[in-house]
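Just so it is clear, none of the values below were taken in a lab; they were calculated from the coordinates. Because the structure is predicted, anything quoted here is derived from the model rather than measured. All Cβ positions, glycine included, derive from the backbone under ideal geometry; neighbour counts span all protein chains shown.
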């Protein structure tokens, strides 16, 4: 490692101000700090610091998504071969999945990081690690059949208009990965909604390939898979969203390390269950009669709640606000899903909507604190 | 039994190098008074280099508050006036003559004196600056009418000394100091002690005070936390606070008529061979204590604790408000993919490092920033270590956008920079939070005071 360090120290001056590659400073810095935690020491204030930094935080989130990703790769193959005559052996299934999924992941990362590097350089900032997470989230919420150019376009849209125009990581209002998905959903609805795209190949027989959500929206609740199939994820759907079981593994990682907010996850599930139960009571159509706990394992609900709703930048910032925010995401997610069959993926819209609402929620929570303080002052002076 | 106030949100940082409970006397030849210890004070020198002083001789006063004088802790000669950038006076160095001559002040029972006389004696002797006020965490103004005075009888900072141990046997001085302070307020003096403090000590026997017991992790010992839980500061109100050893010095001032700045300081930190307590005169150079007492040379010397202390150097001096010196390793090294290592030896409040497998382990934490500065992304981190009824992130942001009205509304009156030290410690984005709070306080003070 010493040789590597010496090499970096040798080439470093070229990337500093006035050097040959001055314009690549941020990129160089990005790679350097990736390889070595800098030797920067504290100057003022607390002399010691917690070992956690943005890289560790983001790496933890990516790690938490890995079980869902790996399962997604296998499931893409599995869903594909279900349509064909016979089921090949495990590695063939995985191999097929890899061929479909890996390019999407690569395109998402390459496009997004290139834009991030560019903006970091023109702003003179260090490269922010936020996209390490977004770059993984984007592929996981896309159907495996998506054309690669759409992945690139959506990623570019999300990073530039969803994030950079607001000032970069930490300043955005909407979750970038959901912005990408929403963009595709509205710009290319034929690829993102309906029932034909959810399988790994544009197979003609939509009945085996349709996602449970599409089936439910079409009123075919008889042909829904059973709860455990949906829970473990042997169903068609976006790459990372199908296996609720492995998403729970991710959730455990996020909660145990303290990176994700349990308040949001818990209240979102409660919100979803509440709405599901209300619909059960109402029962006006077949979709409403689907048991509430089935709603939680269908579509992107679990994935959205665990990985999207908990994004600290676009969620509410106050503790009380998080309870309200989470609950409404679950509640509205199921509401949209059931009421509007044109948008079967209600959770995505619910999260985006609550992203927009979160500053308002925070505002009222904080106003309550201010009022409480004013009241205390008045009591004392009276 | 007194009421126990429990603090839930907070953090005890487990560091190596706790001071052993033995006391050594140490006498330094050099002492200094550092104007930079006093926020908002603009020093006007009254003596020049080579000036002769006794303990209690005024050396400078505050241009903005001329009554407040700062005096020499020892008798001797002023040998240097060290200035920093923009010619700011950083240290006024006094070489001790070893004779311990004192300026003579009135020797009297404070109970027989009126408030004005007591104030005058404190201002002249140089002990007034020991009294600080909230809002704004600056030296109290003589014309303040504090609604209460707070004294924290325990320190929960990492490696902090045991104040009860320090005060042991000084009951008479402490009580005399309390009597003097009692004359300065119409309100209560709150003496805040640990829930498990023995009922026989200096603190539990104190009279004319209300004793409150606290339990919980740092910042339970911070006076800011205690004020917030007992009698929070509202707009147009003032509270004062003072350290225990300064109360003892005030006691000695009235008992003996002398400014006797003897105090006990703990030398702590993972790099100290023999961390223990020292009895010395405040403002002392730390050199005699750290010479031949370090495990290695690449270290950071801190006057104070690792969270809120001031960076100093081997020949540097103990700050006015400090009762601790900490020596920890410098962190000026590169670590290969440090963010990806399992991290069995890395302390973190998040459990993303495997150090959570070893609860109770003590750490040797260095000064490395452990990452690059980023935008404030994570939320909910601060609240876990911030026990105030205040939204820390929102208050910080109001300071960053310089909105004084919003700062007022969000509770800037109640806090000092040290109350945000833990937020700074845990912050993923490596923001210098105490500096931001300091700037916010100064901004608001200049506007409102």
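Please list, short to long, the whole-number percent of alpha-carbon pairs of region A:54-367 in consecutive 20 angstrom bins beginning at zero. Calculated over all Cα pairs of region A:54-367, the distribution is 35, 59, 6, 0 percent. Find how many whole Å separate the alpha carbon centroid of region B:151-207 from the alpha carbon centroid of region B:281-303. When both Cα centres are located, 28 Å separates them. If R₀ is 22 angstrom, what is the calculated FRET efficiency for the pair residue A:3 and residue B:341, using the beta carbon separation as r and rounding to 0.05? My answer for the efficiency is 0.70. The value obtained for region B:4-256, namely the Cα convex hull volume divided by the number of residues, is 151 Å³ per residue.
Counted residue by residue at 0.36 nm each, then reduced by the alpha carbon distance between them, the extension gain from residue B:186 to residue B:165 reaches 4.5 nm. The DSSP beta bridges internal to the protein assembly as shown are antiparallel in roughly 65% of cases. Can you figure out the FRET efficiency of residue B:87 with residue A:256, using R₀ = 51 Å and their beta-carbon distance, to the nearest 0.05? Taking R0 as 51 Å, the efficiency between residue B:87 and residue A:256 is 0.45. Shape analysis of region B:168-252 based on the Cα gyration tensor places the equivalent ellipsoid semi-axes at 21, 18, 10 Å, largest first.
Between rounded, prolate and oblate, where does region A:1-77 land on the alpha carbon gyration tensor, with a ≥ b ≥ c its root eigenvalues, rounded for a/c under 1.5, else prolate if a/b exceeds b/c? In terms of gyration-tensor shape, oblate. Express in nm, to one decimal, how much length is gained between residue A:66 and residue A:270 on full extension, taking 0.36 nm for each residue of separation and deducting their alpha carbon distance. Working it through step by step, the gained length comes to 70.9 nm. Figure legend: label point modelled 7 angstrom from the Cα of residue B:21 along Cα→Cβ; residues of region B:170-204 with amide N under 11 Å from it are B:198. Derived from the Cα gyration tensor, the three semi-axes of the equivalent ellipsoid of region B:369-448 are 21, 13, 11 Å, largest first.
Rounded to the nearest 500, what is the 222 nm mean residue ellipticity of the protein assembly as shown from helices alone, with -39500 (n - 2.57) per DSSP H run of 4+ residues and division by all residues? That comes out to -13000 deg cm²/dmol. Once C-alpha pairs closer than 8 Å and six or more residues apart are averaged by separation and normalised to the residue number of region A:315-360, the relative contact order reads 40 percent.
Scaled against 2.2 N^0.38 Å for its residue count N, the alpha carbon radius of gyration of chain B is 0.96. As an equivalent ellipsoid, region B:6-120 spans semi-axes of 28, 23, 20 angstrom, where each value is the square root of five times an eigenvalue of the C-alpha gyration tensor, largest first. The long axis of helix B:244-256 is offset from the longest Cα principal axis of chain B by roughly 10 degrees. Applying 1/(1 + (r/R0)^6) with R0 = 60 Å to the Cβ-Cβ distance of residue A:278 and residue B:208 gives a FRET efficiency near 0.45.
With Cα atoms as the point set, the protein assembly as shown shows a radius of gyration and Dmax of 31.4, 104 Å. Centroid-to-centroid, using Cα positions, region A:88-164 and region B:103-133 are 69 Å apart. Projecting label points 7 angstrom from Cα along Cα→Cβ for residue A:110 and residue A:339 puts them 4.3 nm apart. Look at the alpha carbon pairs under 8 Å that are at least 6 residues apart: their mean separation over the length of region B:4-256 gives a relative contact order of 23 percent. In terms of overall dimensions, region B:275-391 has a Cα radius of gyration and Dmax of 17.3, 47 angstrom.
Over region B:369-448, Cα pairs under 8 Å with separation of 6+ residues give a relative contact order of 38 percent.
Here the residues B:128, B:356, ranked from fewest to most Cβ neighbours within 10 Å of their Cβ, fall in the order B:356, B:128. You can think of it this way: the chain between residue B:111 and residue B:144 has 9.8 nm of extra reach, that is 0.36 nm per residue less the Cα-Cα gap.
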